[in-house]
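Have a look at the structure below before the remarks.
The values are calculated or read from the model by the stated rules, or taken from the named source; none is laboratory data. Keep in mind that what you see is a predicted model, and the values were worked out from it rather than measured. Glycine also receives a Cβ, built like all others from the backbone with ideal geometry; neighbour counts cover every protein chain displayed. The area values use the complete protein model at the heavy-atom level, side chains included, leaving out ligands, DNA and RNA. Shrake-Rupley method; radii C 1.70, N 1.55, O 1.52, S 1.80 Å.
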Amino acid sequence: MENRQQSNGVMKENNAVKKKANWSGSLIVASLTGAFGSSFLYGYNLSVVNAPAGYIKKFYNETWERRYGFSVDEGTLTLLWSITVSIFAIGGLVGAFIVTPIVKFFGRKCTLLLNNVFAVAAALLMSLSLLAGSFEMLILGRIIMGVDAGISLSALPMYLSEISPKEIRGSLGQVTAIFICIGVFTGQVLGLPEIFGQESQWPFLFGAIIVPSLIQAVILPFLPESPRYLLLEKHNTSKAEKAFQRFLGKDDVSHEIEEVLAESRVQRNTKMVSVLQLLRTRTVRWQIVTVVVTMGCYQLCGLNAIWYYTNNIFSESGISRETIPYVTLSTGAVETLAAVFSGLVIERLGRRPLLIGGFGLMVVFFSVLTVSLTLQNTVHWLPYLSIFCILAIIASFCIGPGGIPFVLTGEFFQQSQRPAAFMIAGTVNWLSNFAVGLLFPFIQAGLQTYCFLVFAGICFAGAAYLFFVLPETKNKTFHEISQAFAKRNKVTLEMQEMKHYPGERKSSEEQESNFTSSVDNGETKKGIV
């Protein structure tokens, strides 16, 4: 009895040590630094153009008049401004296309580092455009900044999913969404009239982009590369062991290395898979469909429409135009708090409840918002209900749909498939982003306040699909997640092993033997079979 109690005490102590070791200093610094120079800038560039919009349009008009001797007509000015805003998504699409070969050749960490070149170049172009009297510099800067965002929104989740233990993979993955929200909120704050929201100060809004980029460029080189990338793609067991030790905060990482090698044995090779090969792979068919659905709903669920209506709804509620920018900060604050909440509970509640619940709540609040906007001129208190619905929709989005799609993309696919999967996810993300920017004005003009019913329908469809298809991935390895999808893909795991490049089976077995030999030679000998 005494021995059993001692044994239980040792087990509890070991579990406590393991739990404590999950959040090492290097892991926290890597996630915060990576997100600050990547997803933060994406969120910041979504909101930074809103405050100085009037001043930038005036700059366009003055530049046009100085060049051609007459003022630009309203239609051309609207077109130039629409291009300035939406061209960001085109740059993002380019970034999503080129990220796969970059992360394959340079690695995850080095890709994030090199990506800062795009951010700094874009910041210089946009911040100096007023001084140079060239609105083309601002538009070009937005394209380049979009490329930076397209690369970072694939490389960062990939890096975070590969450096984190599976016990906290979801929480660490939510760092991407949290920093997007913080970036949006920061753009709103810096755009206030007391800071950079003035006619002579708006270039500083774009120059501020340099700060997160430089901070990331200074800190990230001192952190390790993804240990999974080092082990499975570079075949460097020694560096992978050291990376695991730093990220996990412990000396014995033999279990983690064996776990990665076990994945290698299941997939039988680590050759990088192209997008076309991935789309043809039957064993991940439903994983791809699920990523496409979640990423599509992420952009098409109507949050952009909410930003479009916010100022109008606040004005209808009796809030003065001068006060609206400060009240709008509440939307950014709610967005950030909801994303932080999601990061805290995702490992307890799981991915499924947060995703399905988030989309489900958005359906409810979109429906209520449609009613309140339609009838707000007949009942004096309905505008306040509209404000509540706006904040509730933002919170519902951020607790699940706002970040989990990036987490799932990292969890669904094995090492050799992950870059191609993130390229597919990024392409869907940016195409959907561009489609919303292009089509929403026409939808709004045709349906007026009923346009929110379209988004409610999209959210309902997304929630229904995820309810029937998405398995829970919390605390599961790639092998276990593949098992959950195997029946729906109509394959067995044995078929999966045979179908993944059968011609290279022998060479992969030799590679595995080489791994085992290097391990047995003393690099990570302890505890590895």
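Laid out as a table, the results:
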{"item": "Filter pass, ALA122 being touching a residue at least 60 places away in the same chain (Cβ under 8 Å), open to solvent by less than 10 Å² (accessible area, probe 1.4 Å) and in contact with a Lys or Arg (Cβ under 7 Å, 6 or more places away or on another chain)", "result": "no"}
{"item": "Checking PHE388 against (1) open to solvent by less than 50 Å² (accessible area, probe 1.4 Å); (2) of a type outside the set (Val, Ile, Thr); (3) within 23 Å of ALA333 (Cα to Cα), the condition it does not meet", "result": "(1)"}
{"item": "Single residue of ILE195, ILE219, ILE180 found to be within 30 Å of LEU140 (Cβ to Cβ), β-branched (Val, Ile, Thr) and part of a loop (DSSP other than H, G, I, E, B)", "result": "ILE195"}
{"item": "Single unsatisfied condition, PHE412 versus (1) closer than 22 Å to LEU153 by Cα; (2) without any contact (Cβ under 8 Å) to a residue 24 or more places away in the chain; (3) of a type outside the set (D, E, K, R)", "result": "(2)"}
{"item": "Residue match in region 130-141 (condition: outside any helix (DSSP H, G or I), among the small types (Gly, Ala, Ser), open to solvent by 10 Å² or more (accessible area, probe 1.4 Å) and in contact with an Asp or Glu (Cβ under 9 Å, 6 or more places away or on another chain))", "result": "yes"}
{"item": "Condition check for GLY183: touching a residue at least 24 places away in the same chain (Cβ under 8 Å) and farther than 25 Å from HIS255 by Cα", "result": "yes"}
{"item": "Every residue from region 62-76 that is touching a helix residue (DSSP H, G or I) at 6+ places or on another chain (Cβ under 6 Å) and either under 24 Å from PRO325 (Cβ atoms) or surrounded by fewer than 18 Cβ atoms within 10 Å (Cβ to Cβ) (or both)", "result": "SER71"}
{"item": "Single residue of PHE59, PHE70 found to be in the same structural domain as ILE209 (by the TED database), assigned to a loop (DSSP other than H, G, I, E, B) and more than 26 Å from the chain's Cα centre (by Cα)", "result": "PHE70"}
{"item": "Long-range neighbours under 8 Å by Cβ, at least six apart or interchain, first residue without any contact (Cβ under 8 Å) to a residue 60 or more places away in the chain within region 350-370, second open to solvent by 50 Å² or more (accessible area, probe 1.4 Å)", "result": "VAL368/LEU385"}
{"item": "Set ASN15, ASN116: member being part of a helix (DSSP H, G or I) and at pLDDT 90 or above", "result": "ASN116"}
{"item": "Flag for LEU375 being in contact (Cβ under 8 Å) with a residue 40 or more places away in the chain, closer than 22 Å to GLY457 by Cα and not assigned by the TED database to the domain that holds GLY187", "result": "no"}
{"item": "Region 408-444, residues that are within 22 Å of GLU233 (Cα to Cα), open to solvent by less than 10 Å² (accessible area, probe 1.4 Å) and among the hydrophobic types (A, V, I, L, M, F, W, C)", "result": "LEU408, PHE412, PHE413, ALA420, ALA421, PHE422, ALA425"}
{"item": "Residue tally, condition open to solvent by 10 Å² or more (accessible area, probe 1.4 Å) and polar (S, T, N, Q), over region 277-314", "result": "6"}
{"item": "Matching option when the condition is in a loop (DSSP other than H, G, I, E, B) and in the same structural domain as PRO203 (by the TED database), among VAL94, VAL49, VAL85, VAL99", "result": "VAL49"}
{"item": "Test: residue in region 368-379 that is open to solvent by less than 10 Å² (accessible area, probe 1.4 Å) and over 26 Å from LEU453 (Cβ atoms)", "result": "no"}
{"item": "Some residue of region 461-474 being charged (D, E, K, R), more than 23 Å from SER372 (Cβ to Cβ) and at pLDDT below 90", "result": "yes"}
{"item": "Subset of region 207-240 [touching a Pro at 6+ places or on another chain (Cβ under 8 Å) and not hydrophobic (A, V, I, L, M, F, W, C)]", "result": "LYS239"}
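This table checks each residue for (1) in contact with a helix residue (DSSP H, G or I) (Cβ under 7 Å, 6 or more places away or on another chain); (2) touching a residue at least 60 places away in the same chain (Cβ under 8 Å); (3) buried (at least 17 other Cβ atoms within 10 Å of the Cβ); (4) closer than 22 Å to GLY170 by Cβ.
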| position | (1), (2), (3), (4) |
| --- | --- |
| GLY403 | yes, yes, yes, yes |
| GLY446 | no, no, no, no |
| LEU466 | yes, yes, yes, yes |
| VAL491 | yes, yes, yes, no |
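Every residue, every condition in (1) surrounded by 16 or more Cβ atoms within 10 Å (Cβ to Cβ); (2) closer than 30 Å to VAL260 by Cα, yes or no:
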position: LEU192; (1), (2): no, no
position: LEU205; (1), (2): yes, no
position: LEU220; (1), (2): yes, yes
position: ARG228; (1), (2): yes, yes
position: GLU233; (1), (2): yes, yes
